[in-house]
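To start, the structure itself, in structure tokens.
The values are calculated or read from the model by the stated rules, or taken from the named source; none is laboratory data. These numbers were taken from a predicted model, which means no experiment stands behind them. No Cβ is skipped: glycine too gets one built from the backbone with ideal geometry, and neighbour counts run over all protein chains shown. The protein model used for the area step is the full one, side chains on, heavy atoms only, and it has no ligands, DNA or RNA in it. Shrake-Rupley method; radii C 1.70, N 1.55, O 1.52, S 1.80 Å.
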Amino acid sequence: LTLIDMERLRSISPIEILMHLWGSKAVSMSDRDKQAAGIVGNLDAYIKRWNNICYWVGTEICRTFDCRGRGQVMEKFIDIAKHCKILRNYSTMASIVGGLNVPEIRSLKESWKYVGHKYIKLLNEMEDIMKPDRNYVSYRKLLAEMPNSSPCIPFLGVFIKDLTFLNDGNPKVLANGLYNFTKIRDISNKINELERYQRSNYQISSISEIYTGLNNLQILSEQQIRQQASKFEQRRKSIH
């Protein structure tokens, strides 16, 4: 998962980030120039991948038809998220935690009873890291304390949020008629931060079959997950 996410993170070019920030019309480029610069929807694909991992969590849980089995799948995903945290792959960690916390999965109360206490504790710790309270203070603290040489895959949602704030919260032109170079510098520094993460190098071996499977996740739609989870709950209530 981490190797795949790093590969996808590296595919996002600074110009694509700026086009997302300012709108495609603000960056005038021909289709050929966009192709040459690597602007081929990599940012959108990265965001889609993040959402798909959320759905993958729900899919694997809903493919298991007994409560104990679903509890074991939940534990497995919590364990995967824990290893992502150790690797500083905060993107996948946040996605898995998000997938475990969607209402449809949270509603499977009988299944959650089979999740061990140590796993619940781990999940709560990761939830605390990604809480948006005080502008993601816990997550930002982890990044600030991280050595610059350490590989890391950041949670892109916070990165985009910061860039949007810098762009929308500051005028392009100052009251004296001069361009706001402080704004341009701050946006540039933020993009440089992303490029530093893109240069990260994980010393992890890839297993071809696993890589291929995880790179082509077979997932249920949000509606299908909701319907399946609802069936499980109806069955549980009918038994009780």
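Tell me the mean residue ellipticity at 222 nm calculated for the chain from its helices only (DSSP H runs of n ≥ 4, each -39500 (n - 2.57), averaged over every residue, nearest 500).
Numbers: 14 runs with 167 residues, N = 240.
For the chain, the value works out to -21500 deg cm²/dmol.
Ordering GLU125, GLU209, GLU104 by how much accessible area each has at a 1.4 Å probe, largest first, what is the list?
Numbers: GLU125 80, GLU209 140, GLU104 35 Å².
Heavy-atom accessible area, descending, gives GLU209, GLU125, GLU104.
Mind checking the angle between helix 222-239 and the chain's longest principal axis? C-alpha axes, 0 to 90 degrees, to the nearest 10.
Value to nearest ten degrees: 20.
Where the accessible area of the chain is counted over protein heavy atoms with a 1.4 Å probe, how much of it, in %, is carbon and sulfur? Don't jump to the answer; show the numbers that get you there.
Details: 7220 of 13690 Å².
Reported share for carbon and sulfur atoms: 53 percent.
If R₀ is 45 angstrom, what is the calculated FRET efficiency for the pair GLU195 and LYS237, using the beta carbon separation as r and rounding to 0.05?
Numbers: r = 52 Å, r/R0 = 1.16.
E between GLU195 and LYS237, to the nearest 0.05, is 0.30.
What angle, in degrees between 0 and 90 and rounded to the nearest 10, separates the Cα long axis of helix 67-86 from the longest principal axis of the Cα atoms of the chain?
30
By how many degrees, 0 to 90 and rounded to 10, does the Cα axis of helix 117-129 deviate from the longest principal axis of the chain?
20
Solvent-accessible area per residue for the chain at a 1.4 Å probe radius, Å²? Mind dumping the intermediate values first?
Values: 13690 Å² over 240 residues.
Here the per-residue accessible area is 57 Å².
Measuring from label point to label point, each 7 Å out along Cα→Cβ, what is the SER230 to ASN101 span in nm?
2.5
Using the structure shown, list the pairs from LYS118/LYS141; LYS85/LYS172; LYS82/LYS190; LYS131/LYS190 with a Cα-Cα distance above 31 Å, or answer none.
Working: LYS118/LYS141 24 Å; LYS85/LYS172 38 Å; LYS82/LYS190 27 Å; LYS131/LYS190 21 Å.
The pairs that break the limit, which is 31 Å between Cα atoms, are LYS85/LYS172.
Suppose every K and R has +1 on its Cβ and every D and E has -1 on its Cβ; what is the size of the dipole of the range 101-187 about the Cα centre, in Debye to the nearest 20?
On the way: 13 positive and 10 negative charges, 14 e Å.
That gives the range 101-187 a dipole magnitude of about 60 debye.
On the full set of protein chains, 1.4 Å probe, figure out the accessible area of ASP66 and give it in Å² to the nearest 10.
80
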